Amino acid sequence: MHQEGLNENLIQDCEQIVLSEFSSYRKQLKRRYEDYLSLFGSCRHNFEEGKDESITQGELTRNDFSSSRHGNFSEYSTTESDEFEKNDGGELTCEEETPFFDSVDYFIESNNRSSTMLSGQEVVDTQTQDSSDRLPQIRRRTRLPEPTEKEKGISLWSIIKDSVGKDLTRVCLPVYFNEPLSSLQKCFEDLEYSYLLDQAYQYGKMGNSLMRILKVAAFAVSGYASSVARPCKPFNPLLGETYEADYPDRGVRFFAEKVSHHPMLIACHCEGKGWKFWGDSNLKSKFWGQSIQVEPVGILTVEFDDGEIFQWNKVTTTIHNLILGKLYCSHHGTMHIKGNRQYSCKLKFKEPSLLDRNPRLVQGFVEDNDGNKASFLIGKWDESMYYSNSDSFKVRSADQLKGASLLWEKNKPAPNPTRYNLSSFAITLNELTPGLQEKLPPTDSRLRPDQRHLENGEYEKANAEKLRLERRQRMSTKLQDNGWKPRWFEQDTDDGTYRYKGGYWETREKGRWDGCLDIFGEFSET
């Protein structure tokens, strides 16, 4: 403008107009962010924290606000899809070959968060300092306590020879095989990505039923993401053991109880933003020396406030190379997600093979009540899931993947995972935050002494306490036979599943735990 010979007053006026327009745009961006904060589940870990309070024009330019989430992919082989179609009769493939693709280079700008289309309206995650000011400030730990003792070696062979072919729940293993979490807490770990259900609720409110079931499918797969490189098993809860998780920053409140000893049944209930999640699980496991196979029995249910319900089953889990080789787990089988309205979904978790070029593959489709395929899903249970609504989802090169959109991706690994390789979320599950212990019932998993000693690295005490509690646990069968009933759940007479009957959080508010057994204390048979 100086070169054009315009006077200084006009230049200053133009500058003020530009600044005013930019300020107005920034305010609109903030309001937009506030409108959609609930859609993303108030998950602080999903928003990149920034140091600067202002958003410069350059930052706005770098952020990718495209709704299609297109990016660059690397090409994969088609071998797995042929095998997949062969094993499943072609039901889960829309073309003869559907190779999987890598998501490493999915984003043009890897630090930018996702943007998706919601019934024609764009939803944007932004990097603003304001997000941390609006969410509840809950300080949770980022690492486990430093161990006070050095672990001792154990003889695997003495355990193996007496355990082959037995139900793992009946095998008394040393505490060194455990991680400092119970199976009750592991149930809540499946809700690490609960914001997907928040998104599903919002999509349904706006009339986008297809995106709702796609988000539910992504949530069902995301529960397996934390199982990678987890070498230890969780503690088997005692009869009547409970666990609560109140995460207001995530908008969820969870409760679980062990409702039966034989068969071992765990029931859980969770309330979120516009949805409820519940289920019971019976894990049938076999120890085969070199591997452990776990067959989950039970139905998981999500019900949204508008009445739409989705139910699904978990797939088989196998832990390999217990004795020789690198320990790893695999999930394989078919997951059916059944809806009570327009859509259902079918997902195939690929079984690993010796010459597996694409491990941990998951692919499937969404279909309507008439059997018409409405969308196709593909991804890896330990990385991410994508979808495409194209009726010909035949993938051969990166150019053909421009129609694929990201549904979910795994969070970054914890900076301090320890040997248990816990995620950042899992590290918080057994934490006793200030003032919490006084509010918990005596049955909560965080008060279990062997688990607490193990977390603190007090291995000798942990092993002694584990043996003591297992001796006490043997009395649970007699207790159950004498008519013991769960306190917070009751069995549905129609389908036999356990449903939360209410009252826990109200009792917690009053601080009256009359009738709750001291299941971790000393026990007398007399």
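Brief remarks follow.
- Whichever residue in segment 221-231 is of a type outside the set (Ser, Thr, Tyr) and open to solvent by less than 10 Å² (accessible area, probe 1.4 Å) and, among such residues, is nearest to LYS373 (Cα to Cα): VAL221
- Test: residue in segment 332-348 that is open to solvent by less than 20 Å² (accessible area, probe 1.4 Å), touching a residue at least 12 places away in the same chain (Cβ under 8 Å) and aromatic (Phe, Trp, Tyr): no
Results for (1) open to solvent by 20 Å² or more (accessible area, probe 1.4 Å); (2) in contact with a helix residue (DSSP H, G or I) (Cβ under 9 Å, 6 or more places away or on another chain); (3) within 22 Å of VAL252 (Cβ to Cβ), shown as yes or no for each residue.
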| site | (1), (2), (3) |
| --- | --- |
| ASN411 | yes, yes, yes |
| THR428 | no, no, yes |
| THR443 | no, no, yes |
| GLU458 | yes, yes, no |
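- Among residues of segment 437-471, those that are part of a helix (DSSP H, G or I), under 16 Å from THR242 (Cβ atoms) and among the hydroxyl-bearing types (Ser, Thr, Tyr), counted: 1
- Which listed residue is crowded, with 18+ Cβ neighbours inside 10 Å, at pLDDT 85 or above and within 27 Å of the chain's Cα centre (by Cα), from ARG508, ARG499, ARG452: ARG452
- Meets criteria (surrounded by fewer than 20 Cβ atoms within 10 Å (Cβ to Cβ), farther than 21 Å from THR318 by Cβ and touching a residue at least 40 places away in the same chain (Cβ under 8 Å)) for GLY279: no
- So ARG471, is it exposed (fewer than 12 other Cβ atoms within 10 Å of the Cβ) and touching a Phe, Trp or Tyr at 6+ places or on another chain (Cβ under 9 Å): yes
- Of the candidates ILE266, ILE309, ILE323, the single residue that is surrounded by fewer than 17 Cβ atoms within 10 Å (Cβ to Cβ), more than 17 Å from TYR224 (Cα to Cα) and touching a Leu at 6+ places or on another chain (Cβ under 8 Å) is ILE323.
- Test result for TYR201, at pLDDT 95 or above and outside any helix (DSSP H, G or I): no
- Residue in segment 210-226 that is modelled with the lowest pLDDT, counting only those that are in contact with an Asp or Glu (Cβ under 8 Å, 6 or more places away or on another chain) and assigned to a helix (DSSP H, G or I): SER226
- Where strands (runs of 3 or more DSSP E) sit wholly within segment 268-357, those with at least 1 residues that are out of contact with any Lys or Arg (no Cβ under 8 Å at 6 or more places or on another chain) occupy 275-287, 299-304, 309-313, 316-320, 328-339, 343-349.
- Counting the residues of segment 358-377 that are of a type in the set (A, V, I, L, M, F, W, C) and in a loop (DSSP other than H, G, I, E, B) gives 0.
- In summary, ASP280 fulfils each of the numbered conditions (1) of a type in the set (D, E, K, R); (2) more than 29 Å from THR418 (Cβ to Cβ); (3) at pLDDT 95 or above with the single exception of condition (3).
- Whichever residue in segment 354-371 is over 22 Å from the mean Cα position of the chain (by Cα) and open to solvent by 50 Å² or more (accessible area, probe 1.4 Å) and, among such residues, is farthest from ALA225 (Cα to Cα): ASP370
- Considering residues of segment 478-496 that are open to solvent by 60 Å² or more (accessible area, probe 1.4 Å) and of a type outside the set (Asp, Glu) only, the residue nearest to PHE255 (Cα to Cα): ARG487
The values are calculated or read from the model by the stated rules, or taken from the named source; none is laboratory data. What you see is a predicted model; the values in this text were computed from it and never measured. Note that each Cβ is placed from the backbone with ideal geometry, even for glycine, and that neighbours are counted across all protein chains shown. Calculation scope for accessible area: heavy atoms of the full protein, side chains included, ligands and nucleic acids excluded. Shrake-Rupley method; radii C 1.70, N 1.55, O 1.52, S 1.80 Å.
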